[in-house]
1. Along the Cα→Cβ direction, 7 angstrom out, place labels at residue 151 and residue 45. What is the inter-label distance in nm?
2. Filter the GluC sites (Glu not before Pro) in the stretch 136-175 to those in DSSP coil with at most 12 other Cβ atoms within 10 Å of their Cβ, and list the result.
3. Assuming 0.36 nm per residue, please report the length gained on full extension of the stretch residue 33 to residue 57 beyond their Cα-Cα distance.
4. What does the C-alpha gyration tensor say about the overall shape of the stretch 1-95? Classify as rounded when a/c is under 1.5, otherwise prolate if a/b is larger than b/c, or oblate.
5. Do any GluC sites (Glu not before Pro) in the stretch 1-110 lie in a DSSP loop with no more than 12 other beta carbon atoms within 10 Å, and if so, which?
6. Counting each DSSP H run of 4 or more residues in the chain as -39500 (n - 2.57), what helix-only mean residue ellipticity at 222 nm follows after dividing by all residues, to the nearest 500 deg cm²/dmol?
7. Would the chain count as rounded, prolate or oblate if I go by the C-alpha gyration tensor, calling it rounded below 1.5 in a/c and otherwise prolate when a/b exceeds b/c, oblate otherwise?
8. Placing +1 at every Lys and Arg Cβ and -1 at every Asp and Glu Cβ, with all other atoms neutral, what dipole size does the chain have around its Cα centre, in debye to the nearest 20?
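Please treat every number below as a calculation from the coordinates, not as lab data. Note that the coordinates shown come from a computational prediction; the quantities given were computed from them, not determined experimentally. Positions of Cβ are backbone-derived with ideal geometry, glycine not excepted, and every protein chain shown enters the neighbour counts.
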Amino acid sequence: MSLLVVAYPEIEQRNYDWIESLRVKYDQANYNIVRPHFTLVFPAEGIAENDLIDHVEACVRTVPPIPFVLRSASTIYDQFEDRWLVFLIPDEGNGRLSKLHDNLYTGILADKWLMKIPYIPHVTVAMLEDCQECKNLTAEVNREGLEIAGLITAVEIVRYAEGRIESIRRIGLAG
């Protein structure tokens, strides 16, 4: 069992449907497990749920809602699973999401941060073994002129076990 912290973006329904149409086609492994999201704390083990709740509440207590705009797609290699990913990456909001990520990886999470992997705020829309297929999808999305505005108003602590995500606590951002 692992614990994660995610943020589910508030976006227009047509944009949500478009993201889901990509995920159902290119990310079948995760499409039915979790909604489109930004991961802020990656799977961590050995932490008590109540301790994580207290930590996250303290970290987000003064963080106002985070507006963002997804404007580009990028192909990324996943070295842990030997596969390729397509990320939708925000222009606006990128720095604030990165700061929130960094702040969460303090205290009880300080030793869980995989510093050798740079953090890129993103929404994953594809997980494939074929690099060229990911590159083609990335090029297609970027040609279309991606622009999805949204807002992060809360984070959610979730438990991942046996291929399922279960919400533990939703914590609203300040404001």
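1. The two pseudo-label positions are separated by 3.9 nm.
2. Here the sparse-neighbourhood loop sites are 144, 147, 162.
3. That pair, residue 33 and residue 57, stretches by 6.2 nm at full extension.
4. oblate
5. The qualifying sites are 12, 45, 81.
6. Taking each H run of at least 4 residues, the total per residue is -9500 deg cm²/dmol.
7. prolate
8. Roughly 300 debye, rounded to the nearest 20.
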